[in-house]
1. Counting residues that are closer than 30 Å to residue 133 by Cβ and at pLDDT 80 or above, which helices (runs of 4 or more DSSP H) fully inside the stretch 1-72 reach at least 3?
């Protein structure tokens with residue numbers, strides 16, 4: 001769940017410029033329509049309004065959508081539309097006209113159309129369909145499935161049309177305050193360090209060099225603080241002490257700062273791979289290497305155990 005949330009946050013930050021660009025294009029696209037729609041001389045194409053139930057019935061009979069709409073627009077009833085379709089066949093364009101088997105007589109076709117318009121199911125012998133008709137029927141079914149899917153996608157998108165995108169100030173405020181939460185998440189779930197690194201890099205690319213240097217300094221400070229705690233805890237190892245090395249090793253390993261230091265060093269290493277020169281500069285000026293070397297010196301007995 002935590003990794004999914006971090007991935008979502010990365011997508012939000014990465015999608016900000018894309019959303020801004022698309023909104024700008026949409027605003028530019030609406031200006032000509034608002035300024036002078038009459039100048040273009042064309043209105044948005046609208047499909048003629050017909051009875052959708054009757055249209056579907058005619059399409060189920062085997063007529064194309066365009067032919068069925070033409071019949072409904074030129075008639076006033078279902079029976080008249082059926083007769084219109086039978087007496088005004090569409091032009092044959094490369095065999096793409098969807099009609100019943102030509103071997104059927106005109107009377108048979110009329111009876112079938114009337115029966116289907118009344119809601120009666122007429123079983124059709126599959127042998128009466130030519131291969132071309134089978135192919136056209138399959139294409140029609142696929143077209144209907146695509147139209148249905150497109151309608152569902154449109155309805156889904158309409159739900160989010162009125163949702164306003166996050167303001168830039170809100171995202172900026174989030175990136176400025178997110179690092180403490182990232183460190184807390186690393187303490188609870190160390191395996192999220194890779195996703196945390198992705199989020200930090202996404203924020204760095206968004207906010208620029210000053211933000212990058214600030215983030216790197218805070219990560220180095222976290223390493224420094226955890227290392228100092230471990231150095232103080234390991235100092236008795238350098239003097240005579242009654243505890244054995246194994247006891248000291250167990251005690252050092254169970255300190256929370258030990259796991260904290262491990263995740264923060266790994267995070268710094270991952271950032272080093274992405275920001276080599278900048279990380280090197282921050283590490284050099286901070287003196288963190290001296291602290292880590294001292295930690296290795298005081299814990300040498302534990303490392304050799």
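The values are calculated or read from the model by the stated rules, or taken from the named source; none is laboratory data. Quick caveat, the model's predicted, so the values are computed rather than measured. Cβ sites come from the backbone with ideal geometry, for glycine too, and all protein chains shown count toward neighbours.
1. Fully inside the stretch 1-72 and qualifying: 52-60.
Let's see how each residue does on (1) more than 19 Å from the chain's Cα centre (by Cα); (2) surrounded by 13 or more Cβ atoms within 10 Å (Cβ to Cβ); (3) at positive phi; (4) modelled with pLDDT of 90 or more:
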| residue | (1), (2), (3), (4) |
| --- | --- |
| 145 | yes, no, no, no |
| 157 | no, no, no, no |
| 165 | no, yes, no, no |
| 180 | yes, no, no, yes |
| 222 | yes, yes, no, yes |
| 230 | yes, yes, no, no |
